[in-house]
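Undergrad: There's a structure below that I have some questions on.
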Amino acid sequence: LGVKGGLIYLFGVGMGISYNLYFKSTLFSPLPYAIAFAALASCIVVATDRNPPLWLMLAASLLGVAAHFANVLKDLDQDLTSGIKGLPQRLGKKYSRLIVSVLLITTTLLLNNTHPNTPLLVIGLIASVITSFAPNKLMFTCLMITAVIDVALLINAAGSVIGSTTI
C-alpha cells in the first residue's frame, strides 16, 4: 500500500478501535464503520497514486453502515441487556432491518450506475429488498448475497479507476 495507502488503512483500523472504546454506545455508532470502510476502499486507490472518487468512498461508507446495522441485529437484545445503546439498538430490529435494506439498495444502485451490470443489479436489488422482511435465516443469506454482489460491482467500478480488468 505504500506510506500514504498504509496510513489511510491504519486510520481505518483506528476507527474500529474508536468504535469499541467510545462510539459503540452512542447515537454515532455507525460513524466509525462509515469512515473505516471508506478508508479501506480509498487506501487501495491511493496506493496506485490516484485520488479515490467520491462515489467509491460513498459506496464503501454505505456498505460499512449497512454492515454495522446488520451485525447488531443478531445481538440486539443482549446488547440492550448489557447497556449498549448504539443507534441500531435504539431504533430496534424492525427499523434496523429496514435501514440495512435501504442502504444495500442505495449502494447497489450507486455502484451499478458507475459501471452497469444488469444481472448483478437485479440480483442485488431482489436480495436487498428481501432483507427487510425475510425470516432471520433467509435475511442473513440475502444480506450476504447482496454484499457479494455489491463487492463485485465495487470491484468492477473500481477497476476502471485503478486501471485493472473488470469482472
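Undergrad: Among THR108, THR118, THR26, which one shows the biggest mean-square fluctuation in a GNM of the chain, springs joining Cα atoms closer than 10 Å?
TA: Of THR108, THR118, THR26, the Gaussian network model singles out THR118 as fluctuating most.
Undergrad: Rg over Rh of region 43-84, using C-alpha atoms and the Kirkwood radius, what does it come to?
TA: Rounded to two decimals, Rg/Rh equals 1.27.
Undergrad: Which whole-number percentage describes the relative contact order of the chain, with Cα contacts under 8 Å and a sequence gap of 6 or more?
TA: RCO, the chain: 19 percent.
Undergrad: Provide Rg over Rh for the chain; use the alpha carbon set for both Rg and the Kirkwood Rh (inverse mean inverse pair distance).
TA: 0.99
Undergrad: Sticking with this structure for a sec: No solvent, one uniform scatterer per C-alpha: report log10 I(q)/I(0) for region 1-66 via the Debye equation at q = 0.16, 0.24 1/Å, two decimals.
TA: So the normalised log intensities are -0.49, -0.92.
Undergrad: Oh, and also: Sum -39500 (n - 2.57) across every DSSP H segment of at least 4 residues in the chain, then divide by the residue count to get the 222 nm mean residue ellipticity, nearest 500.
TA: Computed ellipticity for the chain at 222 nm equals -27000 deg cm²/dmol.
Undergrad: Using DSSP loop states and a limit of at most 13 other Cβ atoms within 10 Å to flag trypsin sites (Lys or Arg not before Pro), what is the longest stretch of the chain containing no flagged site? Can you show the working numbers first?
TA: Details: sites that count: ARG50, LYS74.
Formally, the longest exposed-site-free interval is 75-167.
Undergrad: Ratio to report: Rg/Rh of region 47-113, with Cα atoms as the point set and Rh obtained by the Kirkwood method; give two decimals.
TA: On the way: Rg = 14.7 Å, Rh = 13.1 Å.
Dividing the radius of gyration by the Kirkwood radius yields 1.12.
Undergrad: Can you list the lysines whose alpha carbon is less than 30 Å from that of LYS74, not counting same-chain residues fewer than 8 positions off?
TA: Result set, ordered by chain and number: LYS24, LYS85, LYS93, LYS94, LYS137.
Undergrad: Count charges around ILE130 for me, please; just the other residues with Cβ under 13 Å from its Cβ, Lys/Arg as +1, Asp/Glu as -1.
TA: For residues surrounding ILE130, the net value is +2.
Undergrad: Can you tally the net charge around LEU27? Count Lys and Arg as +1, Asp and Glu as -1, for every other residue whose Cβ sits under 15 Å from the Cβ of LEU27.
TA: Charge balance near LEU27 sits at +2.
Laboratory data are not the source of any read-out in this text; all were calculated from the coordinates shown. It should be emphasised that the depicted structure is a prediction, and the values quoted were computed from it without experimental measurement. For neighbour counting, all protein chains shown are included, and Cβ atoms are generated from backbone atoms with ideal geometry for every residue, glycine included.
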